[in-house]
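The values are calculated or read from the model by the stated rules, or taken from the named source; none is laboratory data. Being a predicted model, the structure only gives us computed values, none of them experimental. Please note: Cβ atoms are built from the backbone with ideal geometry, for glycine as well, and neighbour counts cover all protein chains shown. Remember, those area values only see protein heavy atoms, side chains included, never the ligands or the DNA or RNA. Shrake-Rupley method; radii C 1.70, N 1.55, O 1.52, S 1.80 Å.
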Amino acid sequence: MKETAIVYCENNFGTMDGKTANGLVRNSRKFDIVGVIDSTKVGMDAGECLVGEQNGIPIFKSLIHAIDNLQIIPDQFIYGIAPSEAFLKIEERNLLFSAMELGMNIVNPLHEFFTDDEEFIKVAKQCDVTILDVRKPVPKKDMHLFSGRILNIDTPVVAVLGTDSAIGKRTTSVLLEDALLKRGLNVAFIATGQTGLIQGAKYGVAIDAIPSQFMTGEIENQIMKAYENDNPDIIIVEGQGALSHPAYISSCGIIRGSRPGAVIIQHAPKRPHLGDFSYIEMPTVKSEIDLIENFSKAEVIAVTINHENMSNEELMATISEYEEDLKLPTTDALKLGCDKLIKSIFDAYPKLISKQKKVLFN
C-alpha cells in the first residue's frame, strides 16, 4: 500500500519550476498524492489544471487548509518546486518544520541537504520523523568510475534527450516505458533526476548532484544493475538539461555513461528562450540533433513535442513540418500517445518485434 503524500508547490504548479509536483500529479508509483499546496490555484483539481482531466487531487491554499480538509494527515510532505537557485526561503523552512511537527516525513529534492542541517536534524528527531534528501549522493568511496562494462551488453539503450531543461523528457520517458510494457516488453527505466526517483523509479541517480568525474560511472552502474537484475528487452534513459545548454553538463554525462544506440529528442517549438536564461535563445531541434549525433554514436530516431503555448492546429502543423523537414517521426506523447515512438524503436531494433509477439501471443 502506497504512503500518502502532499506536495508543496506554492505559486509554481503547472509551471517549469513546478516540474516535481507536475510529475507526481501525472504519475506516482511510490506515493498516493492526496493534495497539492498552491494558493494561486486553490480549489482547482490538480489533474484538470495540469492536463485538462480531473484526477481527484485537490489544490489547497496552505498546509493548514489541507489538514483541515483531508481526512488524514499525510505520511509525507514533498517539496515539489525545482527553483534554479535550489535553496529554501525562510518561510518555506518554517513550513517544513510545521509539517514535521504534524508528524509528516519530509521528501526533499533540492541541492540543499536537510540532513546536513543541525536544526532540521533536531526537529526531525523531536518529532520522530524522517528526512529523505533525494539528491544526496553516496559517499565518494562508494561511487563508480566508468568501467566499460556497458560496452559488452547488447540490450537496446534509448535515451530521451531534449533542447532545454524542464521540457518534458521525463514525462515522455515514463509514457514510453508504460507503452512498451503494454506491448509485452520487459522495460528498464533509468531515472536521472530527482522527480523520477520520487515517482518511484527502480533504478537511477540524481546525476546533477554527482561530481563530474563519477557521472559516467554512476549512470553506467545503474544501467548494469538493471541489466543484471532484470534482463530487460530495452532500457530507457531519462535525459537532463540539454547537450547544448551552457549551464548544465548532465546530458554529456548521461550520453557517455549510457552509450545509447538511439535517441528521442524533446523540443518546445513555442519556447523562445532557455527556461531560466531569458537572455539565451532556444536552439533549433535540427541543431540539437546534429550536436547529439556528432557527440555520440547514437542516431536520433524520433522527435517529441512539448505543446506549451500551442493550439492543436499549431501542434499538428508543426508535426507535419518536422516530419517533412527532418525526415523523422514526430509526435506529442502526452496528447497523441507513443505509437510513432514505438515504431521508430522497432525500426531501429527489429529484434524487439519478435519479443513483443512472443509475450503477447504465448
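Note down the net charge around ALA191, summing +1 for each Lys or Arg and -1 for each Asp or Glu among other residues with Cβ under 13 Å from its Cβ.
Numbers: positive: ARG29, LYS30, ARG135, LYS169, ARG170, LYS202, LYS225; negative: GLU177, ASP208, GLU218, GLU238.
Net of charged neighbours comes to +3.
Taking a straight Cα-Cα cut-off under 14 Å and skipping sequence neighbours fewer than 8 places away in the same chain, the aspartates and glutamates within cross-link reach of LYS136 are GLU112, ASP116, ASP117, ASP208, GLU218. Within the chain, antiparallel bridges make up roughly 5 percent of the DSSP beta bridges whose residues both belong there. Taking 17 Å as the straight-line reach from the Cα of LYS327, the lysines in range (excluding those fewer than 8 positions away in the same chain) are LYS286, LYS340, LYS343.
With the Kirkwood sum run over all distinct C-alpha pairs, the chain has a hydrodynamic radius of 21.2 Å.
For HIS144, the accessible surface of its heavy atoms amounts to roughly 70 Å² (probe 1.4 Å, protein chains only, rounded to the nearest 10).
In whole percent, what relative contact order does the range 299-362 give with Cα contacts below 8 Å and a gap of six or more residues? Before the final figure, lay out each step's value.
Numbers: 42 pairs, mean separation 21.1, N = 64.
Relative contact order of the range 299-362: 33 percent.
3J(HN,Hα) along the range 198-210: 5, 5, x, 4, 6, 10, x, 7, 6, 5, 6, 9, 9 Hz, from the Karplus curve 6.51 cos²θ - 1.76 cosθ + 1.60 with θ = phi - 60°, whole Hz, x for Gly and Pro.
Computed from backbone phi with θ = phi - 60° and the Karplus coefficients 6.51, -1.76 and 1.60, the 3J(HN,Hα) list for the range 143-153 is 7, 10, 8, 4, 10, x, 4, 5, 5, 9, 9 Hz; x is used for glycine and proline. Near ILE280, the amide H atoms lying under 5 Å from its own belong to LEU274; only residues 5 or more places off or on other chains count, and H is placed 1.01 Å from N. For the chain, the longest principal axis of the Cα atoms and the long axis of helix 285-295 meet at an angle of about 80 degrees.
Taking the centroid of alpha carbons for each part, the range 157-189 and the range 131-145 are 24 Å apart.
Heavy-atom accessible area per residue, the chain, 1.4 Å probe: how many Å²? Walk me through the numbers on the way to the answer.
Details: 16430 Å² over 362 residues.
Accessible surface, normalised per residue, equals 45 Å².
With the Cα gyration tensor of the range 1-66 giving a ≥ b ≥ c as the square roots of its eigenvalues, does the rule (a/c under 1.5 for rounded; else a/b larger than b/c for prolate; else oblate) give rounded, prolate or oblate? Rounded is the answer for the range 1-66, as its axis ratio a/c remains below 1.5.
Excluding MET16 itself, calculate the net charge of residues whose Cβ lies under 10 Å from the Cβ of MET16, where each Lys or Arg counts +1 and each Asp or Glu counts -1. Walk me through the intermediate numbers first.
On the way: positive: LYS19, ARG271; negative: ASP17, ASP164, ASP276, GLU308.
It works out to a net charge of -2.
Which whole-number percent gives the relative contact order of the range 161-290, counting Cα pairs below 8 Å spaced six or more residues apart? Spell out each step's value before the answer.
Working: 208 pairs, mean separation 44.2, N = 130.
Over the range 161-290, the number comes to 34 percent.
What's the Cα-based Rg to Rh of the range 247-350, Rh via Kirkwood?
So for the range 247-350, dividing Rg by the Kirkwood Rh gives 0.96.
Eigenvalues of the alpha-carbon gyration tensor of the range 113-206, scaled by 5 and square-rooted, set the equivalent ellipsoid semi-axes at 32, 19, 13 angstrom, largest first. The alpha carbon gyration tensor of the range 1-159 gives principal lengths a ≥ b ≥ c with a/c of 1.5 or higher and a/b no greater than b/c, which makes the shape oblate.
Taking a straight line from the alpha carbon of LYS41, these lysines sit under 28 Å away, with near neighbours fewer than eight places off in the same chain left out: LYS2, LYS19, LYS30, LYS61, LYS89, LYS169, LYS270, LYS335. Distance from the C-alpha centroid of the range 205-233 to that of the range 37-59: 35 Å, rounded to the whole angstrom. Element breakdown for the range 1-97 at a 1.4 angstrom probe: carbon and sulfur atoms account for 50% of the accessible area. The relative contact order of the range 26-171, computed from alpha carbon pairs under 8 Å that lie at least 6 residues apart in sequence, is 14 percent. Net charge within 13 Å of GLU3 by Cβ-Cβ distance, Lys/Arg positive one each and Asp/Glu negative one each, not counting GLU3 itself? Charge balance in the 13 Å sphere: +1. Taking the longest Cα principal axis of the chain as reference, the axis of helix 169-182 is set at about 70 degrees.
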